[in-house]
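This report refers to the structure that appears directly beneath it.
The values are calculated or read from the model by the stated rules, or taken from the named source; none is laboratory data. Computed from a prediction, not measured in an experiment: that's the story for all the values here. Don't worry about glycine lacking a Cβ; one is built from the backbone with ideal geometry, like all the others, and counts go over all protein chains shown. Just so you know, the surface numbers come from the protein's heavy atoms only, side chains and all, with ligands and any DNA or RNA stripped out. Shrake-Rupley method; radii C 1.70, N 1.55, O 1.52, S 1.80 Å.
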Amino acid sequence: MEDPDYVPVGPMYRNANAFHRSYLEMEKQFKIFVYKEGDPPVFHNGPCKSIYAMEGNFIHMVEINKRFRTEDPREAHVFFLPFSVAMMVQFVYVRDSHDFGPIKRTVIDYIDVVASKYPYWNRSLGADHFMLACHDWGPEASFAVPHLHRNSIRVLCNANTSEGFDPSKDVSFPEVNLHTGAIGGLIGGPSPSHRSILAFFAGGLHGPIRPILLQHWENKDEDVKVHRYLPRGVSYYDMMKRSKFCICPSGYEVASPRVVEAIYTGCVPVLISDHYVPPFSDVLNWRSFSVEVTVREIPNLKTILASISSRQYIRMQRRVAQVRRHFEVHSPPKRYDVFHMILHS
């Protein structure tokens, strides 16, 4: 199969040929109808410079896309519900109220509007519709409408199987912290021979796993550099670029932007997270380019990482560089980048 840009190959893919064929098929045929109802900022809008940036980025890219978006719902394979949970938290949620009611009512009202105006929701009970959320409360928002939770495709950063994420119909997508709205300056890093630190993590107490990590490793080992706060003048991204492995523990929720930051900087991700389905697991074989460590194995972290031979590490590091294209954010999107991978999943 000729492809001018990229031909997937290698153990990073569950089945490289199958992925390539289905990706090309997607480019030929796949059509999305975006409901026009709803006003910004809660609908047709989203943050583009924050930890939730993928919400705004995807909503914008799909709405201006000429290849995949169709104005004719009869041509559509899927229907997009263009609300932003992050914007609901900002504009609808009453701060510190711990009351999800206003967010849930907004979702209920929106689906009532599109279901009463068009036949498409009712004919499938939402099964060919999708929502997208990078905010931790994305799953909670979907629980407002039983068919949205049970039938629809939920594209979530918070892909937690213990909270109802279903890999057979839902999509895990990457959390990317875009400080400036773009990835300039974040991509690339030195070769393995110039990475003198075995493992690195820096981050505050957030959720149940990080306190255990800090308890065992904070400022206790020259090879495993674990910090709650980085020393003044030390760059977070420079530390990632100097490290062989980057530790990515979940916070209160399973996803962490560190996973993508590690991939961007050529650092092999170490996933410490219970019940997490990593992004694009339908296509990518994460075990070939990352390390999974259970919470109870945290005390043995150095032993586990040091036991990976230099030869195996170099293989993993090269694979990280190869899969990076699938996590990059571009405007306009480029083939095989994160926007296209979300659509493919």
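Here are the numbers for the structure shown:
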quantity: Residue among TYR13, TYR52 that alone is on the phi < 0 side of the Ramachandran plot, surrounded by 12 or more Cβ atoms within 10 Å (Cβ to Cβ) and assigned by the TED database to the domain that holds GLY138; calculated: TYR52
quantity: Close pairs (6 angstrom Cβ cut-off, 6 or more residues apart or separate chains): under 18 Å from ARG324 (Cβ atoms) and touching a residue at least 40 places away in the same chain (Cβ under 8 Å) in the range 10-30, small (Gly, Ala, Ser) and in a helix (DSSP H, G or I) anywhere; calculated: PRO11/SER288; MET12/SER288
quantity: Complete set of residues in the range 154-171 that are open to solvent by less than 50 Å² (accessible area, probe 1.4 Å) and either in contact with a Lys or Arg (Cβ under 6 Å, 6 or more places away or on another chain) or more than 18 Å from ILE59 (Cβ to Cβ) (or both); calculated: ALA159, ASN160, GLY164, PHE165, LYS169, ASP170
quantity: Only one of GLU175, GLU218 that is of a type in the set (D, E, K, R) and without any contact (Cβ under 8 Å) to a residue 12 or more places away in the chain; calculated: GLU218
quantity: Residues that are closer than 22 Å to PHE58 by Cβ and open to solvent by 20 Å² or more (accessible area, probe 1.4 Å), drawn from the range 88-103; calculated: VAL89, GLN90, PHE91, VAL92, TYR93
quantity: Residues being farther than 23 Å from MET87 by Cα and open to solvent by 60 Å² or more (accessible area, probe 1.4 Å) - total across the range 115-153; calculated: 7
quantity: Selection status of SER168, in a helix (DSSP H, G or I), among the hydroxyl-bearing types (Ser, Thr, Tyr) and assigned by the TED database to the domain that holds VAL113; calculated: no
quantity: Where GLY38 falls short, out of the listed (1) surrounded by 15 or more Cβ atoms within 10 Å (Cβ to Cβ); (2) touching an Asp or Glu at 6+ places or on another chain (Cβ under 8 Å); calculated: (2)
quantity: Scope the range 313-339; condition at pLDDT 95 or above, open to solvent by 50 Å² or more (accessible area, probe 1.4 Å) and of a type in the set (S, T, N, Q); matching residues; calculated: GLN322
quantity: Candidate set: the range 179-216, residues that are among the hydrophobic types (A, V, I, L, M, F, W, C) and part of a loop (DSSP other than H, G, I, E, B); chosen: the one nearest to ARG228 (Cα to Cα); calculated: LEU205
quantity: Residue, nearest to ILE59 (Cα to Cα), within the range 23-35, restricted to residues that are open to solvent by 10 Å² or more (accessible area, probe 1.4 Å) and touching a His at 6+ places or on another chain (Cβ under 7 Å); calculated: LYS31
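Yes/no per residue for (1) open to solvent by 20 Å² or more (accessible area, probe 1.4 Å); (2) outside any strand (DSSP E or B); (3) modelled with pLDDT of 95 or more; (4) under 23 Å from ASP166 (Cβ atoms):
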residue: VAL270; (1), (2), (3), (4): no, no, yes, no
residue: PHE280; (1), (2), (3), (4): no, yes, yes, yes
residue: ARG287; (1), (2), (3), (4): yes, yes, yes, yes
residue: GLU297; (1), (2), (3), (4): yes, yes, yes, no
residue: ASN300; (1), (2), (3), (4): yes, yes, yes, no
residue: THR303; (1), (2), (3), (4): yes, yes, yes, no
residue: ILE308; (1), (2), (3), (4): yes, yes, yes, no
residue: ARG311; (1), (2), (3), (4): yes, yes, yes, no
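Conditions (1) out of contact with any Ser or Thr (no Cβ under 8 Å at 6 or more places or on another chain); (2) under 23 Å from GLY184 (Cβ atoms), marked per residue:
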| position | (1), (2) |
| --- | --- |
| VAL270 | no, no |
| PRO279 | no, yes |
| VAL291 | yes, no |
| ILE298 | yes, no |
| LEU301 | yes, no |
| ARG318 | yes, no |
| VAL323 | yes, yes |
